[in-house]
Each structure stands twice: as structure tokens, then as C-alpha cells.
């Protein structure tokens, strides 16, 4: 499985390899889920919350996105996860290696 930082800054996949944004990881890799959301890095914040499997972090990201992004499709916690999964295209997957760009 990928480390948290690698998962948060994965920008895509090439077969069974994760493609990771090296510069973003270097700059923001140590940020918490809340710090990422406050910086407006909602995809990274959502990935971080999803990786941690912490419901409070997921709720925080959904509320921050709704508040700052004005997205009306995000509502109840159950809908939030479905809507944010679709919006950001983020899912936990097993990968065998990483490619850094």
C-alpha cells in the first residue's frame, strides 16, 4: 500500500503503478487534512481523510468544500462520500509501485 503522502498526491495510475506529483508532495506532504483543506487543496484533503478512514476528517473536508466551494451537491454525510468520490475520483486501491513526476 502507498504511504499517506504518496496516496494524497497521486495524480493518476499507469497500470498497477501510482503516478505521484513529487513537487506537491514535497511542498504539502506534511500538512494535515485540515491544513490541506484550508489551503484549498480539497482533492488532497479528501484523499488524506479517506486514507485515514477518520469520519471526522471526512466530515470536515465535506463541510469545508461546501462552505468554500459553494457546492450544493454535498449534503448529508452519506451523500458527501458518494459525491466527493465522484467529484475527485479518489478511491483506495492497491498498487505495486510508484512513479514520481
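Any read-out appearing in this document is the output of simple, stated calculations on the displayed coordinates, not a laboratory observation. This is a predicted model, so every value here is computed, not measured. Virtual Cβ from ideal backbone geometry, glycine too; neighbours counted across all protein chains shown.
Between helix 42-52 and the chain there is an angle of about 80 degrees, using the helix long axis and the longest principal axis of the Cα atoms.
Computed from Cα atoms, the angle from the helix 77-88 axis to the main principal axis of the chain rounds to 40 degrees.
Which value at 222 nm does the chain reach when only helices count, each DSSP H run of 4 or more adding -39,500 (n - 2.57), with the total divided by all residues and rounded to the nearest 500 deg cm²/dmol?
That comes out to -16000 deg cm²/dmol.
The length gained on full extension between residue 38 and residue 85, counted as 0.36 nm times the residue separation minus their Cα-Cα distance, comes to 15.0 nm.
Describe numerically, in nm with one decimal, the distance between label points set 7 Å from Cα along Cα→Cβ at residue 55 and at residue 67. Going from the residue 55 label point to the residue 67 one covers 2.1 nm.
Packing-based ranking of 44-54, 17-27, 88-98 yields 44-54, 17-27, 88-98, ordered from highest to lowest mean Cβ neighbour count within 10 Å. Helix 55-69 and the longest principal axis of the C-alpha atoms of the chain enclose an angle of approximately 70°. Once the chain from residue 23 to residue 100 is taken as fully extended at 0.36 nm per residue, the excess over their C-alpha distance is 26.8 nm. When 63, 5, 56 are sorted by how many other C-beta atoms sit within 10 angstrom of their C-beta, beginning with the fewest, the order is 56, 63, 5.
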